[in-house]
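Report on the structure given below.
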Amino acid sequence: MTLSSTGPTSRTYFSQRLRLHYVDWGNPDAPPLLLVHGGRDHCRNWDWVAERFRDDWHVIAPDLRGHGDSQWSTDGNYPMSSYVYDLAQLIHQQELAPVTIVAHSLGGNIALRYAGIYPETVRRLVAIEGLGPSPKILQERGETPFAERMRGWVDEQRKLSGRMPRRYPSIEDAFRRMQEENKHLSPEQARHLTEQGVIQNEDGTYCWKFDNYVRTWPPYDMPGRAIQELWARISCPTLLVYGSESWASNPKEDGRLKHFGSAEVVTFEGAGHWVQHDRLDGFCEKVRNFIAE
C-alpha cells in the first residue's frame with residue numbers, strides 16, 4: 001500500500017469568488033476521472049485510488065469548499081446548491097465532460113445531483129454511500145415543525161461560532177485520533193491521511209483542515225421529490241457502493257434504488273463507511289471493471 005514518491009500537482013480554480021483547490025495527477029491526454037471526497041475530508045484521501053488509476057486516466061481530485069486547502073465560505077453556510085455549483089464550475093472550466101466520477105459520502109450526494117442536472121456530461125458514476133440521510137431520518141426530520149428545525153439550526157450555529165478548532169499538541173496525537181475514527185485503517189493509511197489532513201498553527205499545535213461550520217446540515221434542502229427526480233434523470237451507468245459494517249442505509253433495502261434508471265448496488269463485506277480505504281483492492285478492481293466498460 002506504499003505510495004510512489006511522485007505525487008499530484010496542486011492547482012486552483014474559482015467559484016462564487018472562492019479560491020478552490022484541486023490536485024491533478026497528470027496524464028492529460030487520458031480520459032478524465034474525477035474523485036470527490038466526503039464531509040470533513042480532503043482530496044488527498046484518494047491517493048491510493050489515484051495511484052492505481054493514474055496510468056490510464058487523467059485523475060483530478062478537488063477539495064470541497066471549506067475543506068482541505070480550499071477557501072472557507074465567508075458566511076459559514078454550506079448549502080448543497082453551492083457544492084453542486086462548484087463541481088459544475090470545475091468540470092466546465094477544465095473542460096472535463098464527458099467525465100467519469102467516483103465520489104464518497106457528501107461528495108457522492110453532490111455528484112448524483114450534478115449528474116441529474118447535467119446527465120449529458122457524465123460518462124459513468126460511482127457513489128460510495130452518497131444518497132444522504134435514510135428515508136427514516138428524512139421522515140423524522142419532516143415531522144419536526146419547521147420553526148423548531150430553524151431554532152435548532154440557529155442554536156447549533158451559535159455553538160459552532162464559539163467553538164475553536166480542536167488543537168492537537170503533535171501530529172502523533174492527531175494520528176491517534178484518526179485511528180480512533182476508523183478502526184479499519186492500517187497505521188500507514190491513518191498516518192498519511194493525518195499528515196495530509198492537518199495544518200500547523202502558529203503555536204505549533206495542529207488542527208484538521210476543515211471549517212467547523214461544515215459540521216451542520218442546512219435546516220432546509222431541495223425537496224425529497226426533486227432529489228428523486230434528479231436521480232431518475234441520471235442517464236449514465238451508476239454504481240452505488242456500500243459497506244456491510246457501515247451505518248449508512250442501503251438503497252436496495254430502503255427502497256431508494258427504484259428512483260434510478262440504471263443503477264447497481266454492490267456491498268463490500270468487512271467495510272465501513274470508507275469503503276475505498278477499508279477494501280482498497282476489491283474496491284479498485286470493481287471500479288476499474290465498471291468504468292472501463
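A quick yes/no check of all residues on (1) surrounded by fewer than 14 Cβ atoms within 10 Å (Cβ to Cβ); (2) closer than 25 Å to SER81 by Cβ; (3) without any contact (Cβ under 8 Å) to a residue 60 or more places away in the chain:
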| residue | (1), (2), (3) |
| --- | --- |
| GLU202 | yes, no, yes |
| TYR206 | no, no, yes |
| ASN212 | no, yes, yes |
| PRO219 | no, yes, no |
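Among the candidates LYS258, LYS286, which residue alone is out of contact with any Asp or Glu (no Cβ under 9 Å at 6 or more places or on another chain), of a type in the set (D, E, K, R), under 19 Å from VAL36 (Cα atoms) and part of a helix (DSSP H, G or I)? Let's see the steps before the verdict.
Values: LYS258 fails: under 19 Å from VAL36 (Cα atoms).
Only one candidate qualifies: LYS286.
Across segment 38-57, not a single residue is classified as part of a strand (DSSP E or B) and in contact (Cβ under 8 Å) with a residue 12 or more places away in the chain. Selection of segment 174-200 for residues being touching a residue at least 24 places away in the same chain (Cβ under 8 Å) and among the β-branched types (Val, Ile, Thr) yields only VAL198. For segment 128-141, taking the residues that are farther than 13 Å from GLY39 by Cβ and assigned to a loop (DSSP other than H, G, I, E, B), the one that is modelled with the highest pLDDT is identified as LEU131.
Residue-level analysis places ALA88 among those that are surrounded by fewer than 22 Cβ atoms within 10 Å (Cβ to Cβ) and either among the basic types (Lys, Arg) or more than 23 Å from VAL198 (Cβ to Cβ) (or both).
Quick one: is GLY272 surrounded by fewer than 20 Cβ atoms within 10 Å (Cβ to Cβ) and not hydrophobic (A, V, I, L, M, F, W, C)?
Values: surrounded by fewer than 20 Cβ atoms within 10 Å (Cβ to Cβ): no; not hydrophobic (A, V, I, L, M, F, W, C): yes.
Taking the combined requirement at face value, the residue does not satisfy it.
Applying the selection to segment 179-221, what residues are assigned to a helix (DSSP H, G or I) and under 30 Å from ARG141 (Cβ atoms)?
So in segment 179-221, the residues assigned to a helix (DSSP H, G or I) come out as 179-181, 187-197, 212-215.
Matches in segment 179-221: GLU180, GLU181, GLY197, ASN212, TYR213, VAL214, ARG215.
For ILE171, are the conditions met, namely being β-branched (Val, Ile, Thr), without any contact (Cβ under 8 Å) to a residue 60 or more places away in the chain and under 19 Å from TYR22 (Cβ atoms)? In short, no.
For (1) touching a Phe, Trp or Tyr at 6+ places or on another chain (Cβ under 8 Å); (2) over 30 Å from THR238 (Cβ atoms); (3) touching a residue at least 40 places away in the same chain (Cβ under 8 Å); (4) among the hydrophobic types (A, V, I, L, M, F, W, C), each residue gets a yes or a no:
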| position | (1), (2), (3), (4) |
| --- | --- |
| LEU138 | no, no, yes, yes |
| ALA147 | no, yes, no, yes |
| MET150 | no, yes, yes, yes |
| TRP153 | no, yes, yes, yes |
| GLU156 | no, yes, yes, no |
| LEU160 | yes, yes, yes, yes |
| PRO165 | yes, yes, yes, no |
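Exactly one residue out of LEU125, LEU112 is surrounded by 15 or more Cβ atoms within 10 Å (Cβ to Cβ), of a type in the set (A, V, I, L, M, F, W, C) and not in a helix (DSSP H, G or I), and it is LEU125.
The values are calculated or read from the model by the stated rules, or taken from the named source; none is laboratory data. Bear in mind that the values here come from a model prediction, so they are computed numbers and not experimental data. Every residue, glycine as well, gets a Cβ built from its backbone with ideal geometry; the counts of neighbours run over all protein chains shown.
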